[in-house]
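Here is the structure we will look at, set down as C-alpha coordinates.
The values are calculated or read from the model by the stated rules, or taken from the named source; none is laboratory data. The structure displayed is predicted, hence computed values, not measured ones. Positions of Cβ are generated from backbone atoms using ideal geometry, with glycine treated the same way; all protein chains shown enter the neighbour counts.
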Amino acid sequence: MNIILLGPPGAGKGTQAKILEEKDGLKQLSTGDMLRAAVASGSELGRHAKEIMDAGHLMPDSLMIEMISERVDQPDCRKGFILDGFPRTVPQAEALDQLLAHKGLSLNAVIEIAVPDEVLVQRIETRSRQTAQSGGAARSDDNVETLKRRLEVYHGQTAPILPYYERSGRLKRVDGLKSIDQVTAQIEEILGATVRG
Ligand code: AP5
(Lines give C-alpha, C1' and ligand atoms only; values in the text may rest on other atoms or scores of the structure.)
Protein backbone atom coordinates (compact mmCIF):
# COMPACT_ATOMS: atom_id res chain seq x y z
CA MET A 1 0.00 0.00 0.00
CA ASN A 2 1.63 3.24 -1.16
CA ILE A 3 -0.18 6.47 -0.47
CA ILE A 4 0.20 10.24 -0.70
CA LEU A 5 -1.09 12.65 1.93
CA LEU A 6 -1.64 16.11 0.46
CA GLY A 7 -2.62 19.35 2.11
CA PRO A 8 -1.42 22.79 3.15
CA PRO A 9 1.07 23.46 5.98
CA GLY A 10 -0.55 22.43 9.27
CA ALA A 11 -3.27 20.29 7.64
CA GLY A 12 -2.15 17.28 9.67
CA LYS A 13 -0.13 15.31 7.08
CA GLY A 14 2.69 14.51 9.52
CA THR A 15 0.27 13.76 12.37
CA GLN A 16 -1.71 11.29 10.27
CA ALA A 17 1.36 9.74 8.61
CA LYS A 18 2.83 8.93 12.05
CA ILE A 19 -0.45 7.34 13.20
CA LEU A 20 -0.67 5.21 10.04
CA GLU A 21 2.99 4.24 10.34
CA GLU A 22 2.36 2.95 13.87
CA LYS A 23 -0.94 1.23 13.10
CA ASP A 24 -0.31 -0.22 9.66
CA GLY A 25 3.48 -0.44 9.39
CA LEU A 26 3.64 1.84 6.37
CA LYS A 27 6.81 3.97 6.30
CA GLN A 28 6.35 7.72 6.63
CA LEU A 29 8.49 9.50 4.05
CA SER A 30 8.44 13.17 5.02
CA THR A 31 10.53 15.32 2.69
CA GLY A 32 10.34 18.16 5.26
CA ASP A 33 11.85 15.85 7.92
CA MET A 34 14.55 14.70 5.48
CA LEU A 35 15.48 18.31 4.77
CA ARG A 36 15.47 19.22 8.49
CA ALA A 37 17.81 16.23 9.11
CA ALA A 38 20.12 17.64 6.43
CA VAL A 39 20.00 21.06 8.13
CA ALA A 40 20.84 19.46 11.51
CA SER A 41 23.78 17.58 9.96
CA GLY A 42 25.33 20.87 8.81
CA SER A 43 25.86 19.51 5.27
CA GLU A 44 26.01 21.75 2.21
CA LEU A 45 22.53 20.53 1.21
CA GLY A 46 21.35 21.41 4.71
CA ARG A 47 22.70 24.96 4.52
CA HIS A 48 20.98 25.46 1.16
CA ALA A 49 17.73 23.88 2.47
CA LYS A 50 17.68 26.10 5.56
CA GLU A 51 17.80 29.26 3.48
CA ILE A 52 14.96 28.08 1.23
CA MET A 53 12.78 26.67 4.02
CA ASP A 54 13.17 29.74 6.22
CA ALA A 55 12.01 31.87 3.30
CA GLY A 56 8.98 29.60 2.79
CA HIS A 57 10.04 28.68 -0.75
CA LEU A 58 10.35 25.23 -2.34
CA MET A 59 13.53 23.25 -2.95
CA PRO A 60 14.33 22.44 -6.62
CA ASP A 61 12.16 19.69 -8.12
CA SER A 62 15.13 17.67 -9.44
CA LEU A 63 16.70 17.42 -5.99
CA MET A 64 13.45 16.37 -4.29
CA ILE A 65 12.64 13.80 -6.99
CA GLU A 66 16.10 12.24 -6.59
CA MET A 67 15.68 12.18 -2.80
CA ILE A 68 12.37 10.30 -3.02
CA SER A 69 13.54 8.03 -5.81
CA GLU A 70 16.40 6.75 -3.61
CA ARG A 71 14.22 6.47 -0.52
CA VAL A 72 11.32 4.32 -1.85
CA ASP A 73 13.78 1.50 -2.65
CA GLN A 74 14.93 1.09 0.96
CA PRO A 75 13.97 -2.14 2.80
CA ASP A 76 11.85 -0.24 5.37
CA CYS A 77 9.45 0.72 2.55
CA ARG A 78 8.73 -2.89 1.59
CA LYS A 79 5.33 -2.94 3.34
CA GLY A 80 4.49 0.37 1.69
CA PHE A 81 5.03 4.07 2.26
CA ILE A 82 3.17 7.28 3.01
CA LEU A 83 4.45 10.30 1.14
CA ASP A 84 4.12 13.38 3.37
CA GLY A 85 5.20 16.64 1.71
CA PHE A 86 5.89 15.12 -1.71
CA PRO A 87 4.86 15.77 -4.46
CA ARG A 88 4.55 19.53 -4.09
CA THR A 89 4.49 20.64 -7.73
CA VAL A 90 3.01 19.24 -10.94
CA PRO A 91 6.51 18.28 -12.26
CA GLN A 92 7.11 16.36 -8.99
CA ALA A 93 3.74 14.57 -9.39
CA GLU A 94 4.54 13.66 -13.00
CA ALA A 95 8.03 12.47 -12.09
CA LEU A 96 6.61 10.37 -9.24
CA ASP A 97 4.24 8.58 -11.63
CA GLN A 98 7.16 7.86 -13.95
CA LEU A 99 9.53 6.66 -11.25
CA LEU A 100 6.91 4.40 -9.62
CA ALA A 101 6.07 2.88 -13.01
CA HIS A 102 9.79 2.35 -13.66
CA LYS A 103 10.24 0.62 -10.29
CA GLY A 104 7.06 -1.48 -10.75
CA LEU A 105 5.37 0.17 -7.76
CA SER A 106 1.77 1.34 -7.62
CA LEU A 107 0.07 4.31 -5.99
CA ASN A 108 -2.96 3.09 -4.07
CA ALA A 109 -4.45 6.35 -2.80
CA VAL A 110 -3.95 10.13 -2.98
CA ILE A 111 -5.65 11.76 -0.02
CA GLU A 112 -6.11 15.50 0.44
CA ILE A 113 -6.57 16.70 4.02
CA ALA A 114 -8.67 19.84 3.50
CA VAL A 115 -8.35 22.67 6.05
CA PRO A 116 -9.02 26.41 5.50
CA ASP A 117 -6.11 28.87 5.83
CA GLU A 118 -7.34 30.67 8.97
CA VAL A 119 -7.35 27.39 10.94
CA LEU A 120 -3.85 26.55 9.69
CA VAL A 121 -2.40 29.75 11.10
CA GLN A 122 -3.84 28.91 14.54
CA ARG A 123 -2.53 25.35 14.38
CA ILE A 124 1.00 26.38 13.47
CA GLU A 125 1.03 28.98 16.24
CA THR A 126 -0.15 26.33 18.73
CA ARG A 127 2.52 23.88 17.51
CA SER A 128 5.23 26.51 17.98
CA ARG A 129 4.00 27.33 21.49
CA GLN A 130 3.72 23.67 22.51
CA THR A 131 7.21 22.87 21.22
CA ALA A 132 8.65 25.83 23.12
CA GLN A 133 6.79 24.79 26.31
CA SER A 134 8.11 21.24 26.07
CA GLY A 135 11.67 22.63 25.88
CA GLY A 136 12.25 21.91 22.17
CA ALA A 137 13.23 24.36 19.47
CA ALA A 138 10.30 25.59 17.36
CA ARG A 139 10.68 25.12 13.60
CA SER A 140 12.39 28.18 12.15
CA ASP A 141 9.75 28.32 9.38
CA ASP A 142 6.85 28.35 11.89
CA ASN A 143 6.49 32.13 12.19
CA VAL A 144 3.67 34.26 10.83
CA GLU A 145 5.67 35.80 7.96
CA THR A 146 7.08 32.50 6.65
CA LEU A 147 3.79 30.72 7.13
CA LYS A 148 2.08 33.35 4.98
CA ARG A 149 4.61 32.65 2.25
CA ARG A 150 4.24 28.86 2.67
CA LEU A 151 0.49 29.21 2.23
CA GLU A 152 0.94 31.35 -0.91
CA VAL A 153 3.35 28.75 -2.29
CA TYR A 154 0.86 25.99 -1.44
CA HIS A 155 -1.98 27.70 -3.31
CA GLY A 156 0.22 28.76 -6.25
CA GLN A 157 2.45 25.71 -6.77
CA THR A 158 1.08 22.74 -4.84
CA ALA A 159 -2.72 23.04 -5.15
CA PRO A 160 -2.48 22.56 -8.99
CA ILE A 161 -1.55 18.94 -8.34
CA LEU A 162 -5.06 18.33 -6.97
CA PRO A 163 -6.69 18.54 -10.45
CA TYR A 164 -3.76 16.46 -11.78
CA TYR A 165 -4.83 13.56 -9.51
CA GLU A 166 -8.54 14.34 -9.83
CA ARG A 167 -8.38 13.99 -13.62
CA SER A 168 -7.05 10.47 -13.29
CA GLY A 169 -9.72 9.64 -10.66
CA ARG A 170 -7.18 9.08 -7.92
CA LEU A 171 -7.95 11.98 -5.57
CA LYS A 172 -9.87 11.43 -2.34
CA ARG A 173 -10.63 14.21 0.13
CA VAL A 174 -11.03 14.10 3.91
CA ASP A 175 -12.34 16.83 6.22
CA GLY A 176 -9.26 18.00 8.14
CA LEU A 177 -11.36 20.14 10.49
CA LYS A 178 -12.50 17.03 12.35
CA SER A 179 -10.58 15.75 15.37
CA ILE A 180 -7.31 13.89 14.76
CA ASP A 181 -9.04 10.53 15.47
CA GLN A 182 -11.89 11.34 13.11
CA VAL A 183 -9.46 12.30 10.34
CA THR A 184 -7.65 8.97 10.86
CA ALA A 185 -10.99 7.14 10.63
CA GLN A 186 -11.81 8.89 7.31
CA ILE A 187 -8.39 7.95 5.90
CA GLU A 188 -8.71 4.34 7.06
CA GLU A 189 -12.11 4.10 5.41
CA ILE A 190 -10.56 5.19 2.10
CA LEU A 191 -7.67 2.75 2.50
CA GLY A 192 -10.09 -0.06 3.41
CA ALA A 193 -12.17 0.65 0.31
CA THR A 194 -8.97 0.66 -1.79
CA VAL A 195 -7.94 -2.76 -0.46
CA ARG A 196 -11.45 -4.16 -1.04
CA GLY A 197 -11.21 -2.81 -4.61
P1 AP5 B 1 7.08 20.26 5.49
O2 AP5 B 1 7.84 19.81 6.65
O3 AP5 B 1 6.46 19.25 4.58
O4 AP5 B 1 6.02 21.32 6.01
P5 AP5 B 1 4.51 21.61 5.62
O6 AP5 B 1 3.92 20.97 4.44
O7 AP5 B 1 4.46 23.07 5.66
O8 AP5 B 1 3.77 20.81 6.70
P9 AP5 B 1 3.76 20.92 8.25
O10 AP5 B 1 4.72 19.94 8.81
O11 AP5 B 1 3.85 22.32 8.73
O12 AP5 B 1 2.23 20.49 8.45
P13 AP5 B 1 1.52 19.08 8.49
O14 AP5 B 1 0.47 19.04 7.42
O15 AP5 B 1 2.48 17.94 8.53
O16 AP5 B 1 0.75 19.25 9.86
P17 AP5 B 1 1.07 18.59 11.28
O18 AP5 B 1 0.66 17.16 11.27
O19 AP5 B 1 2.46 18.93 11.71
O20 AP5 B 1 7.99 21.21 4.55
C21 AP5 B 1 8.77 22.25 5.08
C22 AP5 B 1 9.55 22.92 3.97
O23 AP5 B 1 10.45 21.98 3.33
C24 AP5 B 1 8.72 23.49 2.79
O25 AP5 B 1 8.21 24.77 3.08
C26 AP5 B 1 9.77 23.50 1.67
O27 AP5 B 1 10.63 24.58 1.80
C28 AP5 B 1 10.58 22.22 1.93
N29 AP5 B 1 10.05 21.04 1.21
C30 AP5 B 1 9.53 19.92 1.78
N31 AP5 B 1 9.13 19.06 0.84
C32 AP5 B 1 9.40 19.63 -0.37
C33 AP5 B 1 9.19 19.24 -1.72
N34 AP5 B 1 8.61 18.06 -2.03
N35 AP5 B 1 9.59 20.09 -2.70
C36 AP5 B 1 10.17 21.28 -2.42
N37 AP5 B 1 10.40 21.72 -1.14
C38 AP5 B 1 10.02 20.90 -0.13
O39 AP5 B 1 0.01 19.38 12.18
C40 AP5 B 1 0.18 20.75 12.49
C41 AP5 B 1 -0.37 21.02 13.91
O42 AP5 B 1 -1.78 20.81 13.91
C43 AP5 B 1 0.20 20.07 14.98
O44 AP5 B 1 0.39 20.80 16.17
C45 AP5 B 1 -0.91 19.01 15.15
O46 AP5 B 1 -0.93 18.47 16.43
C47 AP5 B 1 -2.16 19.82 14.85
N48 AP5 B 1 -3.22 19.02 14.22
C49 AP5 B 1 -3.07 18.08 13.24
N50 AP5 B 1 -4.27 17.56 12.90
C51 AP5 B 1 -5.20 18.20 13.68
C52 AP5 B 1 -6.63 18.11 13.80
N53 AP5 B 1 -7.35 17.28 13.03
N54 AP5 B 1 -7.26 18.92 14.68
C55 AP5 B 1 -6.54 19.79 15.45
N56 AP5 B 1 -5.17 19.92 15.41
C57 AP5 B 1 -4.52 19.13 14.52
task: Only residues that are in a helix (DSSP H, G or I) and either basic (Lys, Arg) or within 12 Å of the ligand (Cβ to nearest atom) (or both): list them for the range 27-43, please.
output: THR31, GLY32, ASP33, MET34, LEU35, ARG36, ALA37, ALA38, VAL39
- prompt: Looking at (1) within 13 Å of the ligand (Cβ to nearest atom); (2) without any contact (Cβ under 8 Å) to a residue 40 or more places away in the chain; (3) not basic (Lys, Arg), which is the only condition ALA55 fails?
  reply: (2)
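So which of GLU70, GLU94, GLU66 ends up being loosely packed, with under 11 Cβ neighbours inside 10 Å and more than 10 Å from the ligand (Cβ to nearest atom)? Walk me through it before giving the result.
Numbers: GLU94 fails: loosely packed, with under 11 Cβ neighbours inside 10 Å; GLU66 fails: loosely packed, with under 11 Cβ neighbours inside 10 Å.
Of the residues listed, the single one that is loosely packed, with under 11 Cβ neighbours inside 10 Å and more than 10 Å from the ligand (Cβ to nearest atom) is GLU70.
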- line: When (1) assigned to a loop (DSSP other than H, G, I, E, B); (2) aliphatic (A, V, I, L, M); (3) surrounded by fewer than 16 Cβ atoms within 10 Å (Cβ to Cβ) are applied to ALA132, the one that fails is (1)
- prompt: Within the range 186-197, restricting attention to residues that are of a type outside the set (Asp, Glu) and surrounded by 13 or more Cβ atoms within 10 Å (Cβ to Cβ), which residue is farthest from GLY14 (Cα to Cα)?
  reply: THR194
- line: Selection from the range 5-26 of residues within 22 Å of GLN74 (Cα to Cα), at pLDDT 95 or above and assigned to a loop (DSSP other than H, G, I, E, B) yields LEU26
message: Quick check on this structure: which one of SER140, SER134, SER168, SER128 is in contact with a Ser or Thr (Cβ under 9 Å, 6 or more places away or on another chain) and either at pLDDT 95 or above or more than 16 Å from LYS13 (Cβ to Cβ) (or both)?
response: SER140
- prompt: For the range 93-104, does any single residue satisfy the condition of being out of contact with any Leu (no Cβ under 9 Å at 6 or more places or on another chain), touching a residue at least 40 places away in the same chain (Cβ under 8 Å), among the aliphatic types (A, V, I, L, M) and under 22 Å from GLY32 (Cα atoms)?
  reply: yes
- request: Search the range 1-20 for residues being surrounded by fewer than 20 Cβ atoms within 10 Å (Cβ to Cβ) and within 24 Å of THR126 (Cα to Cα), and hand back the single one that is farthest from the ligand (Cβ to nearest atom).
  value: ILE19
message: Tally up the residues in the range 105-129 that are in a helix (DSSP H, G or I), over 27 Å from VAL39 (Cβ atoms) and touching a Gly at 6+ places or on another chain (Cβ under 9 Å), please.
response: 1
